[in-house]
Amino acid sequence: MIKRVDDFRLKLGSKELVPIMIGAMGVDISIAELALTAARLGGIGHISDAMVHIVADRHYKTHFVRDKLRKYKYNIPNPDKSQIQFDPGQLAEATKLHVGRTMESKQGEGLIFINCMEKLTMNAPLETLRVRLRTAMDAGIDGITLSAGLHLGSLALVQDHPRFRDVRFGIIVSSLRALQLFLRKGARLNRLPDYIVVEGPLAGGHLGFGMDWAEYDLKTIVGDILRYLAHEDMDIPVIPAGGIFTGTDAVEFLEAGASAVQVATRFTITEESGLPARVKQEYFKAHEDEIEVNLVSPTGYPMRMLKKCPAIGSGSRPNCEAYGYLLDGSGNCSYKDAYYREMEKNPDLKTISIKDKTCLCTHMRNYECWTCGHTTYRLKDTSRRLPDGTYKLLTAEHVFRDYQFSTEHRIALPEE
Ligand SMILES: Cc1cc2nc3c(=O)[nH]c(=O)nc-3n(C[C@H](O)[C@H](O)[C@H](O)COP(=O)(O)O)c2cc1C
């Protein structure tokens with residue numbers, strides 16, 4: 001008999017879930033509404049804690065960004081950004097609002113997790129990560145997915161938290177080697193991850209590969225990891241991610257031993273995605289040759305995005321006084337360096353263009369960095385065109401159920 005995703009269940013402790021996890025899409029793309037839909041339908045949804053002050057201001061009418069800018073305004077002309085610090089109290093308040101309000105609205109049997117990127121260094125990497133993790137745990141989050149980094153010290157930051165063994169912890173890895181390093185650290189705290197997301201080279205956002213990403217493939221990495229876990233007698237659910245576009249793609253992984261799949265790209269164009277309507281149309285329209293992996297992110301990780309997004313080549317002034325999420329522990333950011341380098345070279349120009357790096361804070365904030373998965377060019381096949389030529393947005397429920405029930409790589413189009 002032909003299997004569907006719904007013939008499988010993800011077991012997490014005592015919970016049995018529909019094995020579909022919607023991956024985090026920062027900043028403010030996988031918003032609460034999207035995560036809540038996944039939970040209502042019995043799966044897992046993600047919110048992200050990236051740039052949480054901006055997210056809180058947008059949804060809960062707070063003024064965290066304005067207040068920070070006011071405090072550090074004096075420093076704007078100064079290329080040295082080392083003094084710009086996040087106030088731990090405000091970071092906790094913003095996280096509490098974001099997580100608490102989302103969890104209050106949760107319905108159904110599914111779960112809501114938060115994605116915490118280690119590369120969001122915020123000019124005080126350990127201290128800010130500690131506040132982010134602990135506050136999310138205080139505010140009732142069901143699980144935390146550790147991403148964008150090896151997270152070798154992250155679990156230790158929360159080992160004395162009363163929910164340390166109750167919150168589900170997961171790690172995103174792109175290789176067996178990265179997983180082994182994380183497991184070794186976890187073993188010292190007697191705390192293995194509750195799930196492992198294996199992200200392949202076709203995913204959206206930052207990639208855990210070099211610019212040779214095309215030489216890797218998700219199935220091989222998942223196979224390596226499943227074999228290793230079986231050999232070590234470790235029963236940890238493995239959740240592949242990256243390029244899983246149809247229910248049938250998902251079933252292939254589930255039949256090969258995965259416990260669930262993590263998907264994101266197909267939800268970028270749903271009504272519940274935080275992207276502005278005009279940007280959703282850009283995702284729909286994209287062709288394969290309009291998507292690239294480049295190195296413009298100041299994190300140093302390759303990132304996939306639409307080539308024509310406004311973030312690429314922009315020379316906007318670094319806005320670390322208001323944002324500053326990518327300042328490393330010494331107050332540096334490679335975009336900031338690129339900006340002042342170009343300014344020095346072209347002192348008379350009013351506007352400059354910077355090709356090698358982008359101000360991720362400003363452009364993610366403004367939805368101008370159109371990061372996307374490799375399969376974005378297939379989104380046009382998942383919907384219908386309206387009389388005005390635009391594509392009809394789908395509901396997240398429609399896409400979720402399509403993954404859950406479809407067979408033979410079929411994609412259910414929305415009703416006319
Ligand atoms: C627009 C977009 C933004 C993303 N942002 C993040 C992020 O902030 N953190 C993260 O860990 N993964 C991020 N991802 C990766 C997804 O969570 C997911 O693992 C991956 O994209 C799944 O592959 P798919 O998009 O081919 O389904 C993002 C993906 C997309 C498409």
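Read the figures in this text as sums done on the coordinates, not as results from a lab. Since we're looking at a predicted model, the values are computed, not measured. Methodologically, a virtual Cβ is constructed for each residue, glycine included, from the backbone with ideal geometry; neighbour enumeration extends over all protein chains shown.
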task = Using packing as a proxy for protection, rank 240-250, 267-277, 84-94, 383-393 so that the peptide with the highest average count of other Cβ atoms within 10 Å comes first.
result = 240-250, 267-277, 84-94, 383-393
task = Rounding to the nearest 20 debye, state how big the charge dipole of segment 222-284 is about its Cα centre with +1 on each Lys and Arg Cβ and -1 on each Asp and Glu Cβ.
result = 380
ask   = Got a sec? Charge dipole of segment 163-210, +1 on Cβ for Lys and Arg, -1 for Asp and Glu; which of Ile172, Leu192, Gly204 is way out at the positive end?
value = Leu192
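With the cut-off at 1.5 for a/c, could you classify segment 76-199 from its C-alpha gyration tensor as rounded, prolate or oblate?
oblate
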message = Sort 355-363, 101-109, 206-214 by packing, meaning the average of other beta carbons within 10 Å per residue, with the highest value first.
response = 355-363, 206-214, 101-109
ask   = Going by average Cβ neighbours within 10 Å, how do the peptides 179-188, 126-135 rank, with the highest at the top?
value = 126-135, 179-188
key: Cleavage-rule hits, trypsin sites (Lys or Arg not before Pro), segment 34-80, DSSP coil, Cβ neighbours within 10 Å at most 11   = Lys61
remark   = For segment 208-263, listing GluC sites (Glu not before Pro) in a DSSP loop whose Cβ sees at most 13 other Cβ atoms within 10 Å gives Glu232
key: Eligible aspartates and glutamates near Lys336 by straight Cα distance, threshold 20 Å, same-chain separation 8 or greater   = Asp80, Glu118, Glu321, Asp328, Glu344, Asp348, Asp356, Glu368
request  = Just name one of Phe245, Ala92, His409: the one whose Cα is farthest towards the positive end of the charge dipole of the chain (beta-carbon charges, Lys/Arg +1, Asp/Glu -1).
outcome  = Ala92
ask   = With point charges of +1 on the Cβ of Lys and Arg and -1 on the Cβ of Asp and Glu, referenced to the Cα centre of segment 283-333, which listed residue (Leu327, Ser297, Cys309) lies farthest in the positive direction of the dipole?
value = Cys309
query = What is the magnitude of the charge dipole of the chain about its Cα centre, with +1 placed on the Cβ of each Lys and Arg, -1 on the Cβ of each Asp and Glu, and no other charges, expressed in debye to the nearest 20?
reply = 940
inquiry  = As an exercise, find the ratio Rg/Rh for the chain from alpha-carbon atoms, using the Kirkwood inverse-distance average for Rh.
reply    = 0.95
